[in-house]
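Q: I am attaching a structure below and will ask some questions about it afterwards.
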């Protein structure tokens, strides 16, 4: 793999090492998940609600990711969706979603991904989203270019809401979904169309490479947004945090600034 450059020239060795490690681990975890996806039925259980599920594959992928990080960088902290927050002393924290799109995965829908980010005191430093079913690896390092399989990607520059293709997602709590449905009902007549694929990390990566013009969602967690948000920023998009709707957690809007402004007004 050739030397990667940031906007200001050569990246620090630390950032390069973190990126290469994240990419390697994401591919390895993706291979584990791809084998499980094509294998026998998995054991599953519910988390926050009866519709919020977790499988043995989620746990196995996160265990692998944590094991690989700890073996290489034992002093780093790790925050994972399934394994909680492990403290560290290095100043680097990994934010991991081992299987984003679990419901798709369990229903045989090939729309799920591995999301790995590394943060320092200034925020996200490295972000990787790996889509195993398409073998697509989205990567970014703060201050550098966003890439797909090592090649620079270009986001949408659309300014017209009426012709914009918008991505979104829904929460698991029924009252949150009720509030989100009201937003969609208001927004749908104002845009080209709305897509709901069911994996926030892929939604963000696809927005970064222009497959979606913009994306919004309420209730994302740190592991949903950390890697994909950095990739979008490095692709030149605005990532704006917005207030909750209904009983949800705060949300995010991602897209060209003009579309973000328009979406922010429409979501109120």
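Q: For the stretch 140-162, name all the residues that are farther than 26 Å from residue 263 by Cβ and touching a helix residue (DSSP H, G or I) at 6+ places or on another chain (Cβ under 7 Å).
A: Correct list: 141, 144.
Q: Hey, another quick one. Here are 117, 155: which of them is closer than 27 Å to residue 190 by Cβ and in contact with a strand residue (DSSP E or B) (Cβ under 9 Å, 6 or more places away or on another chain)?
A: The unique qualifying residue is 155.
Q: What is the one condition in (1) surrounded by 13 or more Cβ atoms within 10 Å (Cβ to Cβ); (2) modelled with pLDDT of 95 or more that residue 62 does not satisfy?
A: The one condition residue 62 does not meet is (2).
Q: Also: Hey, can you tell me all the residues within the stretch 83-98 that are buried (at least 20 other Cβ atoms within 10 Å of the Cβ) and not in a strand (DSSP E or B)? I'd like the intermediate steps shown before the answer.
A: Start the filter on the stretch 83-98 by keeping residues that are buried (at least 20 other Cβ atoms within 10 Å of the Cβ), which leaves 92-98.
Passing the criteria: only 92.
Q: Considering the stretch 66-81 alone, what residues qualify as being assigned to a loop (DSSP other than H, G, I, E, B) and surrounded by fewer than 19 Cβ atoms within 10 Å (Cβ to Cβ)?
A: Taking the stretch 66-81 and keeping what is assigned to a loop (DSSP other than H, G, I, E, B), we get 73-76, 81.
Hits for the stretch 66-81 are 73, 74, 75.
Q: Can I ask one more? Where in the stretch 116-180 are there strands (runs of 3 or more DSSP E), lying wholly inside it, with at least 1 residues that are more than 17 Å from the chain's Cα centre (by Cα), in the same structural domain as residue 190 (by TED's automatic domain parsing) and within 28 Å of residue 267 (Cα to Cα)?
A: 165-167
Q: I would also like to ask the following. Quick one: which residue in 167, 150, 101, 127 is touching a residue at least 40 places away in the same chain (Cβ under 8 Å) and surrounded by fewer than 23 Cβ atoms within 10 Å (Cβ to Cβ)? Talk me through it step by step, then tell me what you get.
A: Numbers: 167 fails: surrounded by fewer than 23 Cβ atoms within 10 Å (Cβ to Cβ); 101 fails: surrounded by fewer than 23 Cβ atoms within 10 Å (Cβ to Cβ); 127 fails: surrounded by fewer than 23 Cβ atoms within 10 Å (Cβ to Cβ).
Of 167, 150, 101, 127, the one residue that is touching a residue at least 40 places away in the same chain (Cβ under 8 Å) and surrounded by fewer than 23 Cβ atoms within 10 Å (Cβ to Cβ) is 150.
Q: In addition: Take the conditions at pLDDT 90 or above, over 23 Å from the mean Cα position of the chain (by Cα) and farther than 17 Å from residue 132 by Cβ and apply them to residue 16. Does it pass?
A: no
The values are calculated or read from the model by the stated rules, or taken from the named source; none is laboratory data. Everything numeric here is computed off the predicted structure, so don't read it as measured data. Neighbour counts run over all protein chains shown; Cβ positions are idealised from the backbone, glycine included.
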